[in-house]
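Okay, so here's the structure we're looking at.
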Amino acid sequence: MKVSVIIPAYNEEQMIATCIQHVLNQKEKADEILVIDNNSKDKTPEIIKNYPVTYILEKEQGIIPARNKGFNEAKGDIIARTDADTRVPLDWIEKIKKDFTENDILAVTGPVTFYDLPVNSPLLSNMFTYELKVMFNQYLLFGPNFAIKKSLWDIIKEKVCLNAKEVHEDFDLALHVPDPQKNVFFDPHLVVPISARRIKSHP
């Protein structure tokens, strides 16, 4: 089972090195790491190129074009997705492989903690996840922490929404999974620490 890790990045010079290093430090190594530079104007491209990863430029602005570029270029059986400000734990890929090996699923996701908040617990993330499950009658995928089978992407890539203003791209992807109640798995132990900077930026 080969795993491709996709990291979209836009003006992430403060965060991207730490993110990449955490992916490189995995106990179960990724078969490839693709970092998608979405027209960064800072030093993000130079930093990416200092690491043994695949640098890809996506000129069309937006998280959806960047994600799609990475997913289309991925060669692994499993596409694991995270964000440039995420610090995946050492066993992240190991747990993803275990989830796909032990369960007949097409996608897996898990909760997050916030490494730059005083309270570092997945409780809030879990509550949000279960609320969404009640609303949509299925688990959704969470951008910094999910993985899908490449075969699933090949089926749904022409159907997913291309306008990020209409829907969260990760939620939309989950809504296109065939038989999602069976095929989208939530692993409460697949926890990753992310930054709370986007929450802090809102009044």
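Could you please put ARG197, ARG67 in sequence from largest to smallest accessible area, using a 1.4 Å probe?
ARG197, ARG67
A straight Cα-to-Cα reach below 25 Å connects LYS41 with the lysines LYS49, LYS59, LYS69, LYS165, LYS200, residues fewer than 8 places away in its own chain not being considered. Evaluating 6.51 cos²θ - 1.76 cosθ + 1.60 at θ = phi - 60° for every residue in the stretch 118-132, the Karplus couplings come out as x, 9, 10, 9, x, 4, 4, 4, 5, 4, 4, 4, 5, 5, 5 Hz, glycine and proline recorded as x.
Is the shape of the stretch 76-142 rounded, prolate or oblate, going by the alpha carbon gyration tensor and its root eigenvalues a ≥ b ≥ c, with a/c under 1.5 for rounded and a/b larger than b/c for prolate? Before the final figure, lay out each step's value.
Working: a/c = 2.09, a/b = 1.15, b/c = 1.82.
It comes out oblate by the Cα gyration axes.
Over the residues of the chain, the helix contribution to mean residue ellipticity at 222 nm works out to -9500 deg cm²/dmol, using -39500 (n - 2.57) for each DSSP H run of at least 4. Looking at the chain alone, DSSP beta bridges between its own residues are antiparallel in about 25 percent of cases.
Potential lengthening of the chain between ASP154 and MET1 amounts to 53.4 nm, from the contour at 0.36 nm per residue minus the alpha-carbon distance. What percent of all Cα-Cα pairs in the stretch 12-54 falls in each 10 Å bin, counting up from 0? Each 10 Å bin holds this share of Cα pairs: 28, 57, 14, 1.
Between LEU24 and LYS98, what FRET efficiency comes out of the Förster formula 1/(1 + (r/R0)^6) with R0 = 22 Å and r the beta carbon distance, rounded to 0.05?
Working from the Cβ atoms, E equals 0.65.
A cut-off of 5 Å between modelled amide H atoms, ignoring neighbours fewer than 5 places along the same chain, links PHE146 with ARG81.
Please give the FRET efficiency for GLU60 paired with PHE136, using the beta carbon to beta carbon distance and R0 = 22 Å, rounded to the nearest 0.05. Display every interim value, and only then the final one.
Details: r = 28 Å, r/R0 = 1.28.
Given R0 = 22 Å and the Cβ-Cβ separation, E is 0.20.
Return the ratio Rg/(2.2 N^0.38 Å) for the chain, where Rg is computed over Cα atoms only.
On the way: Rg = 15.8 Å, N = 203, 2.2 N^0.38 = 16.6 Å.
Cα Rg divided by the expected 2.2 N^0.38 Å: 0.95.
Remark: the chain carries a charge dipole of roughly 100 debye about the Cα centre, counting +1 on each Lys and Arg Cβ and -1 on each Asp and Glu Cβ. Summary of the geometry: the stretch 33-110 and the stretch 133-197, compared by the centres of their Cα atoms, lie 14 Å apart.
The values are calculated or read from the model by the stated rules, or taken from the named source; none is laboratory data. Quick caveat, the model's predicted, so the values are computed rather than measured. Ideal geometry is used to build each Cβ from the backbone, glycine not excepted, and the neighbour counts take in all protein chains shown. Just so you know, the surface numbers come from the protein's heavy atoms only, side chains and all, with ligands and any DNA or RNA stripped out. Shrake-Rupley method; radii C 1.70, N 1.55, O 1.52, S 1.80 Å.
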